[in-house]
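Every number here is computed from the coordinates shown, using simple stated rules; none is lab data. Quantities reported herein were computed from a predicted structural model and do not represent experimental measurements. In this analysis, Cβ positions are derived from the backbone assuming ideal geometry, glycine residues included, and neighbour counts consider all displayed protein chains.
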Amino acid sequence: MAFWDKLLGEFVDVIEWTDSTTDTMVYRFERYGNEIKYGAMLTVRESQIAVFLNEGQIADVFEPGLYKLDTNNLPILTTLQSWPHGFNSPFKAEVYYFNMRQFTDLKWGTKNPVMMRDKEFGPVRLRAFGTYVVSIDDPVTFLKEVVGTDGRFTTDEITAQLRNHIVSWFASSLGESGIPILDLAANYDDLSDFVTNRIAPEFANYGLKLRKLLVENISLPSEVEQALDKRTSMGMIGNLRDYATFQAAEAMKAAAENPAGGGAAAGMGMGMGFGMAKQMVDTMSASTGMAGSGGGATPPPVPTETPWYVAVEGHQTGPFNKAELRHKLETGDVGRDSLVWRQGLEEWTRAEQVDELAAIFAQMPPPVPKG
């Protein structure tokens with residue numbers, strides 16, 4: 001009796017898996033060479049799926065619940081085996097547990113710059129990185145296509161492969177999106193959704209579901225970023241002549257405040273400041289074609305007035321020059337509440353709210369009160 005108790009004790013009669021890790025996707029229940037006892041209890045918890053394999057073939061798939069392994073719960077295996085040895089024979093089988101929860105904060109990124117064509121800058125090289133969320137969608141496909149006979153399959157074993165696919169699919173998706181480079185930062189959310197929908201069907205081939213792909217950063221090569229910084233700086237400087245005049249004034253001030261050499265040195269510093277200012281202004285004047293710098297410089301074009309338009313009973317009238325508009329203001333044809341517009345205004349604006357016209361109203365008496 002003791003011999004049979006020992007023999008039967010080697011059969012596994014409780015099958016379950018509790019995961020204490022954060023990266024295990026698939027776990028094969030370890031039998032340590034033992035067989036699974038007929039009538040054993042199989043526990044499948046929420047967020048788990050169990051796949052029962054017999055002699056290398058998928059016999060049954062179990063969703064969350066508690067199962068007694070017998071002919072009632074193993075109809076496919078019953079058909080495969082035909083039970084030639086009776087219903088009390090142990091199972092020479094394997095059980096794979098699949099973790100169905102979402103695996104978050106998986107990293108992706110470009111090892112090398114990705115080439116693409118931009119409408120404004122032409123061919124450019126981009127680097128990008130971010131995170132994605134994935135889960136097992138079809139355990140059978142995932143077992144056949146990816147896991148194989150691996151007893152413990154973790155995210156590290158597939159993220160490298162998925163990362164390479166993401167970079168490839170991301171490059172083509174980025175080109176299809178048509179988003180200009182300078183607008184990418186403002187469209188990360190839209191780009192993330194676009195790339196997720198574009199790449200998700202590819203993940204399905206592995207039995208996986210791409211829940212979300214996030215684009216955290218897209219950057220240009222350092223030399224291109226430096227060129228853009230210079231371009232931005234020039235835009236912030238604005239008028240180069242005014243900037244050069246300001247720089248000359250600062251240089252003159254610094255030279256005049258130089259304490260070395262006392263009063264003589266101060267005078268010399270002031271003279272040097274004036275000389276530097278004149279040289280810089282003359283240089284800018286010559287480069288912009290202004291007269292007074294000598295030689296055959298041509299004068300700049302005569303400035304033209306910006307035309308004004310006035311809304312009268314819902315219709316646009318004009319254009320008027322500033323003298324004509326001033327006359328209309330003085331005669332009362334255009335009042336303080338009249339809507340006016342010129343280039344530089346975002347929308348039709350009340351006349352008294354435009355700085356140039358408000359000065360004219362300030363010189364005019366207010367309307368005579370009625371009554």
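Placing +1 on the Cβ of every Lys and Arg and -1 on the Cβ of every Asp and Glu, with no other charges, gives the range 80-207 a dipole of roughly 360 debye about its Cα centre.
Please work out whether the range 177-219 counts as rounded, prolate or oblate from its C-alpha gyration tensor, where a ≥ b ≥ c are the square roots of the eigenvalues and a/c under 1.5 means rounded, while otherwise a/b larger than b/c means prolate and anything else oblate? It is prolate, given that a/c is not under 1.5 and a/b is the larger ratio. Taking Cβ atoms as reference points and 11 Å as the exclusive limit, the residues near Glu305 contribute a net charge of +1, counting Lys and Arg as +1 and Asp and Glu as -1.
Taking amide H as placed 1.01 Å from N in the peptide plane, Asp137 has its amide H under 5 Å from the amide H of Leu208, Lys209, each at least 5 places away in sequence or on another chain.
Rounded is the label for the range 308-362. Its Cα gyration tensor axes, ordered a ≥ b ≥ c, give a/c under 1.5. Electrostatic bookkeeping for Arg336 treats Lys and Arg as +1 and Asp and Glu as -1; over the other residues with beta carbon under 11 Å from its beta carbon, the sum is -1. Amide H contacts for Thr154 (H built 1.01 Å from N in the peptide plane; partners 5 or more residues away or on another chain; cut-off under 5 Å): Met25. Charge dipole of the range 308-362 (Cα centre as origin; +1 on each Lys and Arg Cβ, -1 on each Asp and Glu Cβ, all else neutral): 120 debye, rounded to the nearest 20. Each residue of the range 322-328 was assigned a 3J(HN,Hα) from its phi angle through the Karplus curve 6.51 cos²θ - 1.76 cosθ + 1.60 (θ = phi - 60°); the sequence is 5, 5, 5, 5, 4, 4, 5 Hz, with glycine and proline shown as x. Seen from all sides and averaged, what is the projected area of the convex hull of the Cα atoms in the range 103-224, in nm²? Spelled out: convex hull of the Cα atoms, projected over all directions, averaged, 7.6 nm².
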